[in-house]
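Values in this text are rule-based calculations from the coordinates and carry no lab data. Not measured: the values here are computed from a predicted model. Don't worry about glycine lacking a Cβ; one is built from the backbone with ideal geometry, like all the others, and counts go over all protein chains shown.
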Amino acid sequence: MGQEKIHRIKVGATNPGTRGDPCTVTNEAAYGLPRIGRPLQLMLLGGFTLLRSDEEIELPMSAQRLVALLALHERPLSRAKLSGVLWPECSTERSLADLRTALWRANRCDAQVITAAGMRLCLHADVQVDVRMLRAFGRAVEHAGKNMSAALAGMSWMDLSLDLLPDWYDDWLVDDREGVRQLRLHALERVTGELSLSGRHAEAIQAALAAVRLEPLRETAHAALIKAHLAEGNRSEALRQFYRCRDVLAAELAVEPSESVRQLISSPPVCSGSRLAG
């Protein structure tokens, strides 16, 4: 979202005969105009946000959880699987009823968010998901010569510094959250190198700092930050970061930095703008 102005229009659209929360629809629906087909953007990093252009679609919490679960699984899921994961404490009959209500609410807000694939449900193909872009990056990361900024489809280092749905505490998020965390670390390190090579040193350093904050014991994150300082020509900053890395590893793990990290500060100074190995 950034600095974009977000427009919200709330319409009391609740499932007849049930107690539901109002949802947000776009200007066209509010004034009876034809729906305009525009792609939806779903952001799960930093919190749940569903956008169409500059309009935010606010879904009830039950619909948000259903949409998020489908977004994290790129293959369609059965109704039984979805209901069991989202409402594990309920009976099968009750959980399936809750699923039907959540599905109705998700698609009621003037947007085809969820679609059926036979007897299964999946996110609509037109919905763009930040986490899926990140996973696509993970699949492309080993390709020689691949531009990671392009692979991340415009995601910035600031986006990558955000946790997956940080205010949610559902058990089904634990594995996905760790997987996304690892992808974010790799992406931040690769983006740091590309920013340095393009001369955007301040951004490169911020990206590397985000990786270090995300995992203070990760040597490759410290190495990325050291390289970023060297690329800018600040050897003293690189040495200071090496000592920080050495101290935290000694305090937490009782180990020394690896040889590859030590070589970064033992090699001759690197001139600003020169390309770094690795």
For this session: Starting from the Cα-Cα distance between Met158 and Arg139, subtract it from 0.36 nm times their residue separation and give me the gain in nm to one decimal.
Result: 4.7 nm
Problem set entry | Convex hull of the stretch 130-266 built on C-alpha atoms - directionally averaged projected area, nm² | 9.0
For this session: Return Asp175, Asp130 ranked ascending by Cβ neighbour count within 10 Å, so the fewest neighbours appear first.
Result: Asp175, Asp130
Exercise. Using modelled amide H (1.01 Å from N, peptide plane; none on Pro or chain starts), what sits under 5 Å from the amide H of Glu55, excluding residues fewer than 5 places away?
Worked result: His7
